[in-house]
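Here's the structure we're looking at; comments come further down.
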Amino acid sequence: MASPDDLSEQDRTTKARLDILTQAVRRLRGRQWRVVPHPGPIGGEQHVGGGKSGALRAAIFGVNDGLVSNLSLIFGVSGAGVDNDVVIVAGIAGLLAGAFSMAAGEYISVRVQREVYERLIHLEAHEIGSDPEAERLELAELYVRKGLPRDLADRLATELMKDPETALETHAREELGLDPREGLGSPFAAAGSSFVTFALGAFVPLVPFLMSSGTPAVVASAILSGIALFSVGAAMSYLTGRPWLLSGARMLAVGSAAAAVTFFVGKALGVGVLS
C-alpha cells in the first residue's frame, strides 16, 4: 500500500490544489443550473447524445462557424468590389485557415481537459491506496449530503470500498463528477469532426462564386447560405428540444447579421481604397 511519503512533488502540489482542479473540471463540463422534478411528457429513458468525446459539440460549432465566418469573409471581400478570382482565393484561404484553426483548438482543448481528468483520477487512486479509511468516510459523507441516513451511507460506502476498482470509479463519479467507463474525451475525434464540419460549412457560401461572379454570385451565396444556416439551426432542435422554427430563425438571423455587416464594411473600405 502506498504512503503519502511515496507521492512525488508534483502529486503533492496537485493535491494541495485539488479544490481548484475540481472546480475547473466542473467548469469544463459545462454550465451548472438547477431543475426540480415536475410532471411532463416523456419519451423513454434519456441518454446523452454524442458521448463524452466532445465530437458532437465540435461538429455543431464547426459547421456553424464555417458557415458564418466564411460567409462573412466572402461577403466582406466581394463587397469591396474586387475580382471574382480574389473572392475565390479569399474563400478557400478562409476555409483552410478556419478548419485547421478549429481542429487545432479543439485538439488542444480536449487534450488538456483529458489530462486534467486523468490527473484527478490518478490522485484519487493515490488517496484510496494511501488512506482507504479516510476515503470511506469521505464517501459516506457524500452520501449523507445526498440525503441518505448516516448508518445506510456508512454501510454503502463500506461495501463500495471493498473492491479497489469499484472504489475508484465511485469516487471519480461522486467526488469529481467523472465516469471513467464512459471515456474522458477523444481529442482526435473532436479535432477531426471540427475540421470536417467547418470545411463543409465554409464551402457552402463559396460554391456560387466557383460557378458565377458579381451580383448573381452574391445573391446565390446569400440564398444558399441562408438555407444552410436555417437548416443547421432547425436540426439542432432535435437535440435541444427547442422549437425548430425558432432555432432555425435564430441561427439565420445571427449569420445574416454578420454577413451584412462585413459586406457593407467591405463596400465602404473598397470605395475608400479604389477611389
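The values are calculated or read from the model by the stated rules, or taken from the named source; none is laboratory data. What you see is a predicted model; the values in this text were computed from it and never measured. Using ideal geometry, Cβ is built from the backbone for each residue, glycine included, and neighbour counts are taken over all protein chains shown. Heavy atoms of the whole protein, side chains included, go into the accessibility calculation; ligands, DNA and RNA do not. Shrake-Rupley method; radii C 1.70, N 1.55, O 1.52, S 1.80 Å.
Computed 3J(HN,Hα) for segment 239-253, one whole-Hz value per residue from the Karplus formula 6.51 cos²θ - 1.76 cosθ + 1.60 where θ = phi - 60°, is 8, 7, x, 6, x, 5, 5, 5, 5, x, 5, 5, 5, 4, 5, glycine and proline marked x.
In the complete set of protein chains, residue-level accessible area for Phe264 is approximately 130 Å², probe 1.4 angstrom.
Rounded if a/c is under 1.5, else prolate if a/b beats b/c, else oblate: with a ≥ b ≥ c from the C-alpha gyration tensor eigenvalues square-rooted, which is segment 184-258? It comes out oblate by the Cα gyration axes. Among 233-239, 202-208, the peptide with the highest mean count of other Cβ atoms within 10 Å heads the list, and the full ranking is 202-208, 233-239. A Förster radius of 22 Å combined with the Cβ-Cβ distance from Ala235 to Val86 puts the calculated FRET efficiency at roughly 0.10. Per residue, the average separation of C-alpha pairs within less than 8 Å and at least 6 apart gives segment 108-249 a relative contact order of 19 percent. Can you figure out the FRET efficiency of Phe264 with Arg242, using R₀ = 35 Å and their beta-carbon distance, to the nearest 0.05? According to the calculation, E is roughly 0.70.
The accessible surface of segment 194-261, taken with every protein chain in place and a 1.4 Å probe, is 78 percent carbon and sulfur. Using a probe of 1.4 angstrom and keeping all protein chains present, the accessible surface of segment 105-205 works out to 49 square angstrom per residue. Estimate the FRET efficiency between Glu141 and Thr215 by the formula 1/(1 + (r/R0)^6), using the beta-carbon distance for r and 51 Å for R0, to the nearest 0.05. The formula returns an efficiency of 0.15 here.
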